[in-house]
Amino acid sequence: MKIGCPKEIKPQEFRVGMTPAATREAIAHGHDVLIETMAGAGAGFTDDDYISAGARIAPDAKEVFASADMIVKVKEPQAVERKMLREGQILFTYLHLAPDPDQTRDLIASGCTAIAYETVTDNTGGLPLLAPMSEVAGKLAPQVGSWTLQKANGGRGVLMGGVPGVEPARVVVIGGGVVGTHAARVAAGMGARVTVLDRSLPRMRYLDDVFGREFNTAFASAAATADHVATADMVIGAVLIPGAAAPKLVTRDQLSSMKPGAAIVDVAIDQGGCFETSRATTHQDPIYEVDGIMHYCVANMPGAVARTSTLALGNATLPFLLSLADKGWRQACEDDPHLLDGLNVHAGNLTYYAVGKALGIDVLSPALALKA
């Protein structure tokens, strides 16, 4: 199979879909790999690194899209990239379709087969291709939140760990999954007083057993969420419903109850955000203010640490990439129902129920798509 990896063009996105190591593995399996020139520069990989691994270097994305049977990326294809997709081509990347009707329509119209990293599952019910970036984003959230809290950036001017005689910042993490756990650990490590809100009692027991008094947990009823948000210096949104739009858990009216200059970090912004006032921002212009509350809503947070993120993502995606290339998407998905869970679009049809529900689009079942 001819595998193509274009340079990411989303603003301030420095990750790359394939590492030189992944390139070498794919070539060892008998596949051709075409890398757009400078695609890996943001993550510290040169064209020579890819050439040494056996890849060919393309001068532009147009050649990559025109030549490849499968396109491997990091972020969802931008509008100009979607125009280059063609019928029967495999697209393997993050998609986050539920809050993005334009992308969804374009992918359906292209006739491509699009498999989304974020909906591939595993035998424990986890999301193995989302997990590494969730870990990165969770660890970043308190760091960028503490920067947002600085007075020069419009925040309250509160130090996360405080100092002797001055209490530390109060941090509330909504969601106790992968993102929330890593966010809580880092925030607590910075000296903040941390509370994790979640609706799963087994998950809260797990967090309490593993982390003890490192941070607190509380049941995320509407009333409890409102109370904790009102007293927080920082609120980190870490809620995910696989493939679907994130639920809005904090309303604009609730901002008036918060401390002036408090910081919101919405890690769920790729799925539309879990705060009513959230809108996607970029690393270049990451924060904005609504009713005195500072919002950090960068839609590709892990891109800020591109080297770490690329290596972590590459480790996770490689087995699935090789399976798709070795067997073709149809046989690979027949053999692995967890990979089939990643199928979002095929041959002019939407194939993921949660996206269809969010956007009001009819859905073809993945099982039928295999036979289409």
Based on the alpha carbon coordinates of segment 155-256, what radius of gyration and maximum Cα-Cα distance (Dmax) apply, in Å? 13.6, 46
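Going highest first, how would you order 123-130, 2-9 by mean Cβ packing within 10 Å?
2-9, 123-130
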Work out the FRET efficiency for Glu87 and Thr46 from their Cβ-Cβ distance, taking R0 = 30 Å, and round it to the nearest 0.05. 0.30
Which entries in Lys10/Lys327; Lys7/Lys83; Lys7/Lys371; Lys62/Lys371; Lys73/Lys139 show an alpha-carbon gap greater than 21 Å? Lys10/Lys327; Lys7/Lys371; Lys62/Lys371; Lys73/Lys139
Can you give the local net charge around Asp233? Use residues other than it whose beta-carbon is closer than 14 angstrom to its beta-carbon, Lys and Arg +1, Asp and Glu -1. +4
Using all C-alpha to C-alpha distances in the chain, build P(r) with 10 Å bins and read off the rounded percent in each one. 5, 24, 31, 23, 13, 3, 0
Along each of its three principal axes, how wide is the spread of alpha-carbon positions in segment 66-223, in whole angstrom units, largest first? 64, 41, 29
Select from Ser67, Gly88, Ala43 the residue farthest towards the positive end of the dipole of segment 43-91; place +1 on Cβ of Lys and Arg, -1 on Cβ of Asp and Glu, and compute about the Cα centre. Gly88
Can you give the percent of C-alpha pairs in segment 1-131 whose distance is more than 21 Å? 39
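Roughly how many debye, to the nearest 20, is the charge dipole of segment 131-299 about its Cα centre, given +1 on each Lys and Arg Cβ, -1 on each Asp and Glu Cβ, and no other charges? Don't skip to the end; give the middle numbers.
Working: 14 positive and 15 negative charges, 38 e Å.
Magnitude of the dipole: close to 180 debye.
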Report, in debye and to the nearest 20, how large the dipole of the chain comes out about its Cα centre when Lys and Arg carry +1 and Asp and Glu carry -1 on their Cβ. 500
Sequence-distant lysines (8 or more away, or on other chains) whose Cα lies within less than 21 Å of Lys248: Lys259, Lys357
For segment 131-299, give the share of DSSP beta bridges that are antiparallel, in percent and rounded to the nearest 5; count only bridges with both residues there. 20
Karplus-derived 3J(HN,Hα), 6.51/-1.76/1.60, for each residue of segment 289-303, Hz, glycine and proline x: 10, 10, 6, x, 10, 8, 10, 10, 9, 6, 7, 9, 3, x, x
Which FRET efficiency value, to the nearest 0.05, is calculated for Asp362 and Tyr288 with the Förster distance at 45 angstrom and r the Cβ-Cβ distance? 0.80
For segment 123-130, just list the computed ³J(HN,Hα) in residue order, Karplus coefficients 6.51, -1.76 and 1.60, θ = phi - 60°, integers in Hz, with x standing in for Gly and Pro. 6, 9, x, x, 10, x, 8, 8
Find which of Ile361, Ile108, Phe211 sits farthest along the positive direction of the dipole of the chain, computed with +1 on the beta-carbon of Lys and Arg, -1 on that of Asp and Glu, about the Cα centre. Phe211
Cα centroid of segment 82-141 to Cα centroid of segment 332-355, whole Å: 11
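Read-outs: derived from the displayed coordinates by stated rules, not from any lab. A quick note: this is a predicted structure, and the numbers were derived from the prediction, not measured. Positions of Cβ are backbone-derived with ideal geometry, glycine not excepted, and every protein chain shown enters the neighbour counts.
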